[in-house]
Structures are given as C-alpha cells and as structure tokens.
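Input: a single structure, listed below in structure tokens.
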Amino acid sequence: MDNDRIDREQRRIKNNRDPPRRGWGRMLSLKEKTLEARSTGAYSHEMTTQEIKDLPIDQKFQIMEAIWEDLRERIERIEIPQQYKDLLDERRARVASGEARLLDWDSVKSTIGRP
C-alpha cells in the first residue's frame with residue numbers, strides 16, 4: 001500500500017468522520033507505529049521466534065501484511081536475471097509441446113515426502 005493511498009484514506013476519514021474501510025485501520029496504525037519507531041530509534045528491535053509465536057493473531061496479520069506489501073514493492077523493482085528468464089521460457093515451451101504438464105499445488109503437496 002503506497003503512502004499516497006494511506007494519506008488519502010487518512011484525509012477521507014478525518015474530513016468525513018466515518019470509520020476506516022475494512023483493513024485500513026490496521027494498516028494505518030501499523031504505518032504510524034513504524035514511522036514512530038523509526039523516528040525514535042526503536043525500529044531496531046529484533047524479535048525471537050518465540051516472541052513472534054506469542055503475539056496475538058491480529059498483530060501477526062499486521063506484520064504479515066506489512067511484509068507482503070514490502071516484498072511486492074521490492075519484487076516489482078528487481079531485474080530478473082536472463083538465465084531465469086531462459087529457464088522459464090524453456091519450461092513454457094515444454095508444456096506447450098506436450099512434453100511436460102503443469103500440476104496444481106494440491107496434487108504436488110500430497111506427494112511431498114513420498115517415494
């Protein structure tokens with residue numbers, strides 16, 4: 001979620017005095033908390049795996065949403081190496097020729113760990 005969208009939503013809430021749309025309240029508070037933590041130097045806190053497991057579910061979702069948004073933004077800027085593009089083209093050609101077929105995740109998942 002980009003900062004402009006968040007800022008527009010904050011203005012909409014302030015001007016109209018109506019509640020945030022579903023999901024916005026969490027993201028706005030997370031953004032505000034993150035900005036506050038960065039400005040105060042508290043952003044460097046590292047959590048252990050156990051601390052993460054002990055978090056309430058709503059906080060876990062906030063963290064997951066922030067991570068996925070960050071990854072989405074970063075992925076869009078990453079240049080895919082030519083060797084990976086070539087490999088993908090090769091695999092697409094094998095599927096198109098009938099030499100290989102695509103499998104859905106549910107069928108693949110059920111074979112993991114089986115000989």
field: Three principal axis lengths of region 74-115 [C-alpha, angstrom, descending]
entry: 37, 29, 16
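With +1 on the Cβ of every Lys and Arg and -1 on the Cβ of every Asp and Glu, and nothing else charged, how large is the dipole of region 40-115 about its Cα centre, in debye rounded to the nearest 20? Could you put the intermediate results ahead of the total?
Working: 12 positive and 16 negative charges, 93 e Å.
With Lys and Arg at +1 and Asp and Glu at -1, about 440 debye.
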- prompt: For region 59-68, what does the Karplus curve 6.51 cos²θ - 1.76 cosθ + 1.60, with θ = phi - 60°, yield as ³J(HN,Hα) per residue in whole Hz, taken in order and with x for Gly and Pro?
  reply: 5, 4, 5, 4, 5, 4, 4, 5, 5, 4
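Go through region 45-80 and name the GluC sites (Glu not before Pro) that are in a DSSP coil and have 11 or fewer other Cβ atoms within 10 Å of their Cβ.
Passing sites in region 45-80 are GLU46, GLU79.
Values quoted throughout were computed directly from the atomic coordinates according to the rules given, and no laboratory measurement underlies them. Keep in mind it's a predicted model, so treat the numbers as computed, not measured. Glycine also receives a Cβ, built like all others from the backbone with ideal geometry; neighbour counts cover every protein chain displayed.
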